Amino acid sequence: MIDKRVGSLADIVADCPDLRDGATMLIGGFGDAGVPEKLIDTVRDLGLRDLTVVSNNAGSGDYGIAALLKAGCVSRMVCSFPRSAGSVVFEALYAAGKIELEIVPQGTLAERIRAGGAGIPAFYTATGYGTPLAAGKETREFEGRHYVMERAIRADVALIHARTADRWGNLTYPKTARNFNPIMAMAAATTLAEVRRFVDTVPPEEVVTPGIFVTRMVEVGER
Amino acid sequence: MNYQPLSAEDIARRVARDIPNGAYVNLGIGMPMLVADHPVPGREFVLHSENGLLGMGPAPAAGEEDQDLVNAGKQPVTILPGGSYFHHADSFAMIRGGHIDVSILGAYQVAANGDLANWALPGPKPPAVGGAMDLVAGARQVWVMLSTHVAKDGAHKLVARCDLPLTGLACVDRVYSDLAVIDITPHGFVVTDMVAGLSLEELQAKTGAPIQLADGCRPLRANRAA
């Protein structure tokens with residue numbers, strides 16, 4: 001019988017070879033919405049080093065991604081908007097030269113992840129053409145318009161947050177907390193999901209992420 | 001000064017008048033959000049928020065905030081009847097695929113050829129771009145709102161050539177400032193509306209590239225819809 005549910009946060013990270021030093025990790029969320037905070041805390045406690053984290057933002061306050069950064073687990077961030085009102089931990093590391101930053105336009109970041117999950121190694125987009133973020137990248141003209149080649153992102157692990165799940169790993173998401181979570185679920189060798197509530201079955205027409213993309217899940221309760 | 005510059009609310013009201021019925025519109029963080037407060041009777045437009053929301057409604061009442069329902073500025077919002085949620089790749093397919101009719105943004109500089117600089121200033125802070133480059137590359141129309149026609153230090157915002165890092169090339173269609181509405185045309189800046197009492201010479205002095213007056217240029221007046 002397929003059952004991707006595990007009983008605890010400790011179980012979800014146990015015997016997971018993709019969680020290792022130097023791993024690339026996709027982390028869902030936009031601002032505070034849809035961030036898998038309990039999974040992030042659990043991964044932080046593993047004491048991993050030299051992680052590359054791909055996420056829209058670089059955390060705020062001292063929780064979530066900011067806590068992972070503060071613990072010294074991350075050597076490289078890939079994001080569209082690392083700066084926000086409370087992004088003090090990231091900004092301090094950046095100012096001290098202790099973290100590398102790759103800045104990516106938000107839609108290009110989303111499509112690079114989607115492409116990674118869809119088996120497409122690269123694609124062309126008009127986004128960023130002629131700007132500093134296209135410097136050094138291959139360009140090509142299609143029907144009179146210029147495009148930049150962008151490469152797919154694939155990761156070792158994705159950490160995502162969902163609303164409901166059944167034992168097969170079919171997922172739904174809460175409102176705009178969906179954001180990057182479904183595409184990140186598709187683009188990693190191991191996808192770990194924290195889920196607010198397990199249900200017997202997610203009605204097939206309501207499934208947003210089909211279970212094929214999910215490795216393991218843990219129930220974390222309502223926020 | 002024998003003219004009155006428009007307030008941010010006046011500019012937002014003027015912008016809202018130009019949005020056609022049925023349009024799908026993305027409003028940038030900050031001043032462009034004011035456009036949502038000035039609906040035109042008899043017209044409906046649908047607000048897109050790039051974090052994954054169509055049919056964005058106003059801010060919720062105090063105590064009704066839902067941390068799962070936010071806009072691109074991470075502020076709590078509501079969803080209107082007919083709205084929908086979707087993931088980021090779909091949201092930016094709407095943008096990049098030309099499905100968004102109008103993108104309204106702020107700017108540091110706009111050049112006479114439509115080049116835009118609105119994401120990076122010199123300094124030690126880490127850069128942050130968000131969805132601006134996707135919006136200006138993909139939306140069918142790109143409009144810029146400027147709270148003031150010139151910067152506080154007197155520097156021009158409308159320039160012959162941007163010297164700040166670019167967001168996009170030749171992407172801006174129109175600029176709404178506190179003094180004028182200006183179309184970007186193959187011939188450069190063309191003034192279609194100007195505050196009452198301001199002369200073309202005065203406006204030219206505040207603009208870093210040649211401006212022309214459109215046939216039938218209309219007066220802008222503060223604190224009214226016209």
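The values are calculated or read from the model by the stated rules, or taken from the named source; none is laboratory data. Quantities reported herein were computed from a predicted structural model and do not represent experimental measurements. Neighbour counts run over all protein chains shown; Cβ positions are idealised from the backbone, glycine included. SASA here: full protein model, heavy atoms, side chains in, ligands and nucleic acids out. Shrake-Rupley method; radii C 1.70, N 1.55, O 1.52, S 1.80 Å.
Does region B:73-91 contain at least one residue that is in a loop (DSSP other than H, G, I, E, B), open to solvent by 30 Å² or more (accessible area, probe 1.4 Å), at pLDDT below 95 and within 21 Å of A:ALA177 (Cβ to Cβ)? Taking every residue of region B:73-91 in turn, at least one turns out to be in a loop (DSSP other than H, G, I, E, B), open to solvent by 30 Å² or more (accessible area, probe 1.4 Å), at pLDDT below 95 and within 21 Å of A:ALA177 (Cβ to Cβ). Of the residues A:PRO121, A:PRO105, the single one that is more than 26 Å from A:GLY211 (Cα to Cα) and either away from every other protein chain (no Cβ under 14 Å) or modelled with pLDDT of 95 or more (or both) is A:PRO105.
For region A:203-219, the condition holds for no residue, the condition being that it is touching an Asp or Glu at 6+ places or on another chain (Cβ under 8 Å) and within 12 Å of chain B (Cβ to nearest Cβ). When A:ARG167, A:ARG223 are checked against the criterion of being within 14 Å of chain B (Cβ to nearest Cβ) and touching a residue at least 12 places away in the same chain (Cβ under 8 Å), A:ARG223 stands alone in meeting it.
Open to solvent by less than 40 Å² (accessible area, probe 1.4 Å), part of a strand (DSSP E or B), of a type in the set (A, V, I, L, M) and at pLDDT 95 or above: does that describe A:VAL78? In short, yes.
Does B:GLY114 satisfy the criteria of being small (Gly, Ala, Ser), part of a loop (DSSP other than H, G, I, E, B), modelled with pLDDT of 95 or more and within 14 Å of the chain's Cα centre (by Cα)? Criteria met by B:GLY114.
Of all residues in region B:95-107, count the ones that are surrounded by 20 or more Cβ atoms within 10 Å (Cβ to Cβ) and either touching a residue at least 60 places away in the same chain (Cβ under 8 Å) or more than 7 Å from chain A (Cβ to nearest Cβ) (or both).
Going through region B:95-107, the residues surrounded by 20 or more Cβ atoms within 10 Å (Cβ to Cβ) turn out to be B:95-96, B:100, B:102-105, B:107.
Narrowing the set further to residues that are either touching a residue at least 60 places away in the same chain (Cβ under 8 Å) or more than 7 Å from chain A (Cβ to nearest Cβ) (or both) leaves B:95, B:100, B:102-105, B:107.
Number of matching residues: 7.
Scanning region A:116-131 for residues that are in contact with an Asp or Glu (Cβ under 8 Å, 6 or more places away or on another chain), open to solvent by less than 10 Å² (accessible area, probe 1.4 Å) and either of a type in the set (A, V, I, L, M) or part of a loop (DSSP other than H, G, I, E, B) (or both) gives a single hit, A:THR127.
Give B:ALA132, B:ALA128, B:ALA120 a once-over and let me know the one that is among the hydrophobic types (A, V, I, L, M, F, W, C), under 24 Å from A:GLY28 (Cβ atoms), at the interface with another protein chain (Cβ under 8 Å from one of its Cβ atoms) and surrounded by fewer than 22 Cβ atoms within 10 Å (Cβ to Cβ). So the residue among B:ALA132, B:ALA128, B:ALA120 that is among the hydrophobic types (A, V, I, L, M, F, W, C), under 24 Å from A:GLY28 (Cβ atoms), at the interface with another protein chain (Cβ under 8 Å from one of its Cβ atoms) and surrounded by fewer than 22 Cβ atoms within 10 Å (Cβ to Cβ) is B:ALA128.
This table checks each residue for (1) surrounded by 20 or more Cβ atoms within 10 Å (Cβ to Cβ); (2) within 27 Å of A:GLY28 (Cβ to Cβ).
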position: B:ALA8; (1), (2): no, no
position: B:ILE29; (1), (2): no, yes
position: B:VAL40; (1), (2): no, no
position: B:VAL46; (1), (2): no, yes
position: B:LEU53; (1), (2): yes, yes
position: B:ASN71; (1), (2): yes, yes
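Which fully enclosed strands (runs of 3 or more DSSP E) of region A:135-200 have 2 or more residues being small (Gly, Ala, Ser)?
On the way: elements: A:139-142, A:145-151, A:155-165, A:188-198.
Hits in region A:135-200: A:155-165, A:188-198.
Confirm whether A:ARG216 is open to solvent by less than 70 Å² (accessible area, probe 1.4 Å) and touching a helix residue (DSSP H, G or I) at 6+ places or on another chain (Cβ under 8 Å). Yes, satisfied. Within region A:170-202, the set of residues being buried (at least 24 other Cβ atoms within 10 Å of the Cβ), within 14 Å of another protein chain (Cβ to nearest Cβ) and polar (S, T, N, Q) comprises A:THR176, A:ASN179, A:ASN181. Annotation note: Cβ proximity below 6 Å between a residue of region B:167-182 that is within 14 Å of chain A (Cβ to nearest Cβ) and a residue that is in a loop (DSSP other than H, G, I, E, B) and open to solvent by 10 Å² or more (accessible area, probe 1.4 Å) (sequence gap 6+ or interchain) occurs for B:THR167/B:ASN118; B:THR167/B:TRP119; B:LEU169/A:GLY130; B:LEU169/B:ASP115; B:ALA170/B:ASN113.
Only one of the numbered conditions (1) of a type in the set (Ser, Thr, Tyr); (2) free of Cβ contacts under 8 Å to residues at least 60 places away in the same chain; (3) under 27 Å from A:LYS137 (Cβ atoms); (4) open to solvent by less than 30 Å² (accessible area, probe 1.4 Å) is not met by A:SER55, and that is (2).
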